[in-house]
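Heads up, the thing below is written out as structure tokens.
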């Protein structure tokens, strides 16, 4: 994984001291709260309902053991002993004091981490496929590209004060696991007819209150032109993006209002005129950075593994875990092991300091010291021998991280909701917990198969409900929490936004409604192989509507 | 109102006129007279570089601290060859000074009230806090490739 050189190190250190000074100037009155706010946001610091929240960047989701241990230490020393993995491959602390933050940033800098641009109206930390360097369907590891963009966008003098936040995601695989079409800029590494590797550039995707799927502005961009082309896109956006209304300020609105063709024409015109000084940079830097992402030395081993097969036969819990939480690795005899940070009945994505240390130890012992954070709020040990899975499983059981539910119905994404967030209009975490309890039986989960539920506690859609197979959006109606259910969302290659099933329902009716939807699916599917989206596409929304109606009546009757 | 550049407080006697008066003003100028124009920050840099090639100064009005259009406008003017002085007029804060200078802005004009809260030493210190960022002629990318 990427290792800082003296320059990266210096910028992160100086940034810590800069923030220390900014806090002092806020406290002595030199900076007003309005002036200070964007500065703290650009260091990942939010003021939430109960305390300050710090969002730490885990660039493109890759972490080593030393970094994970430092996150654990910070959780214990400054928070309440845990951290929260987010849908943007970050880690958030929810209970910090402002005066501690410069020291925390210093501890992060000690292990090559930071919170730079994890918030604010700037280019946010870049996300990437969590199976980068592992997946067999990969054209190229997206992380060198993501790291190049991280460096370029860090304190870029022209783009620190954009109309609104700006998110970039990169994938290098055929299956899009980074949800690039719902980002401000989505980058797909592709091969052209001549066999050269380059980028397809999508612009203007996003969720939030106006969900949109990104439009392709360039089918094939030569790799070395990336930074200059990004510069052109960002400049058009910085100049013309709306600044009169924060809800219309994202680039998706500009693309929508201008039309994709006109927007593309403006970018291309800007690009034509630009001094292309990024080309030499991209050439040299991509090569330099890529060395750091060279795959670890993995020897091919027998696959399937006899050892694992025998252990699976003997242990039903391991069998279930192995069936759902192991992802094929491109090197024979290995797997990427998904650890669910979604134990039944616990807030999705929360990990205790103790669990973080177990993860760090396991990664060190079994996965070349490397971990990945997924946008599903889980952790991956990316380079595990199949033979080692039984031993790892045992350790996970002790740590409460062996939930065999990766990609199953209880592997729910939920935003922090009204329990933590000042913007939320409804709770999300308790809803997730209630649904998990309904489907707690592992055999039932296995029978249902892959099915994603995503929950947002307000219209800003941090829980990505638009792209959940089942999406749940918590709103407030006349002083009561009210939940809208959408069906059919898919963040992958055929990006689809879910459609509303009907009127909103009460919180206590949600688990029953979800259960009824799932029962309807099980009844209508043509076999266990037919996934939820396929059934839905075949039968439409109508057969699912009574589920919602019935539950609504029950809720009304009991009210 | 206080006028700052990379070295400290400064003065500049360039006379500012509207864009459409620039040519007339320049026609009648005496020796040593300097003329510039004031423009809003949503001005088109490309057009401006064409329309005001003779201007000695372009003053860009910045309505709000967070309005980053001024950075792109200044950068565009420089790329299109504008060689005069660029001034940002409005509530920029010291923490934006380094970005402004990097984008080709030479001067920042702020209010007396703001200067009282944020005196000169804060501006000069803020401009130096980060030794170098990645982009730009003396940036980290350039340093690495020179090494």
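Tell me the Rg and the Dmax, in Å, that the Cα atoms of the range A:227-349 produce.
Expressed in Å, the Cα Rg and Dmax of the range A:227-349 come to 24.6, 67.
Along the principal axes of its C-alpha atoms, what lengths does the range A:288-343 span, in descending order and rounded to whole Å?
47, 31, 11
For the range A:134-292, take the alpha-carbon Rg, divide it by the Kirkwood Rh, and send me Rg/Rh.
Checking Rg against Rh, the ratio lands at 0.95.
Hey, could you grab the Kirkwood Rh for chain B? Inverse mean 1/r over distinct alpha carbon pairs, Å, one decimal.
One over the average 1/r among Cα pairs gives 16.1 Å for chain B.
Rounded to whole Å, give me the distance from the Cα center of the range A:137-188 to that of the range A:30-82.
Centre-to-centre distance over Cα atoms comes out at 21 Å.
Over the Cα atoms of the range A:346-499, each weighted equally, I'd like the Debye log10 I(q)/I(0) at q = 0.21 Å⁻¹, rounded to two decimals.
Each listed q maps to, in turn, -1.30.
Mind putting together the pair-distance distribution for chain A? All Cα pairs, 10 Å bins, whole percent per bin, short to long.
Taking all Cα pairs of chain A, the binned fractions are 4, 18, 28, 28, 17, 5, 0 percent.
Can you give me the convex hull volume of the Cα atoms of the range A:84-200, divided per residue and expressed in Å³?
Each residue corresponds to 135 Å³ of Cα convex hull volume.
Arrange the peptides A:157-163, A:409-415 so that the one whose residues have, on average, the most other Cβ atoms within 10 Å appears first.
A:409-415, A:157-163
Could you grab the relative contact order for the range A:6-110? Cα pairs under 8 Å, six or more apart, rounded to a whole percent.
RCO, the range A:6-110: 28 percent.
Sort A:521-529, A:47-55 by the packing proxy (mean of other Cβ within 10 Å over each peptide's residues), most packed first.
Packing order, densest peptide first, comes out as A:47-55, A:521-529.
Run through every distinct alpha carbon pair of the range A:51-127 and return the Kirkwood hydrodynamic radius in angstroms, one decimal place.
12.4
Give, in whole angstrom and from largest to smallest, the semi-axes √(5λ) of the equivalent ellipsoid of the range A:20-62, with λ running over the eigenvalues of the Cα gyration tensor.
23, 13, 8
Average partner chain C-beta neighbours within 10 Å, per residue of A:36-42?
The mean count of partner-chain Cβ atoms within 10 Å per residue comes to 2.
Share of antiparallel DSSP beta bridges in the protein assembly as shown, in percent to the nearest 5?
In the protein assembly as shown, approximately 65 percent of DSSP beta bridges are antiparallel ones.
Ranked highest first by average number of other Cβ atoms within 10 Å, how do A:215-227, A:372-384, B:23-35 line up?
A:372-384, A:215-227, B:23-35
Mean residue ellipticity at 222 nm from the helices of chain A, using -39,500 (n - 2.57) per DSSP H segment of n ≥ 4 over the full residue count, to the nearest 500 deg cm²/dmol?
-12000 deg cm²/dmol, from helical runs alone.
Just how far, in whole angstrom, is the range A:443-511 from the range B:52-90 if you go by their alpha carbon centroids?
47
Let me check against my output: what whole-number percent is the relative contact order of the range A:413-558, with C-alpha pairs under 8 Å and at least 6 apart?
Reported as a whole number, the value is 18 percent.
Per-residue Cβ counts within 10 Å, from other chains only, averaged over B:79-91: what number is that?
Mean number of neighbouring Cβ atoms from other chains: 1.
Take peptide A:236-246, look around each residue's Cβ out to 10 angstrom, count Cβ atoms belonging to other protein chains, and average those counts.
So the per-residue partner count for this stretch is 3.
One-quarter of the Cα convex hull surface for the range A:413-558, in nm²?
8.6
Semi-axes of the equivalent ellipsoid for the range A:306-399, please: Cα gyration tensor eigenvalues, times 5, square-rooted, ordered largest first, whole Å.
Semi-axes from the Cα gyration tensor: 20, 16, 12 Å.
Let me have the relative contact order for chain A, percent, based on Cα pairs under 8 Å that are six or more residues apart.
12
The numbers here are math on the coordinates, done by the rules we state, and not lab data. Bear in mind the structure is a predicted one, so any value in this text is a computation, not a measurement. Cβ sites come from the backbone with ideal geometry, for glycine too, and all protein chains shown count toward neighbours.
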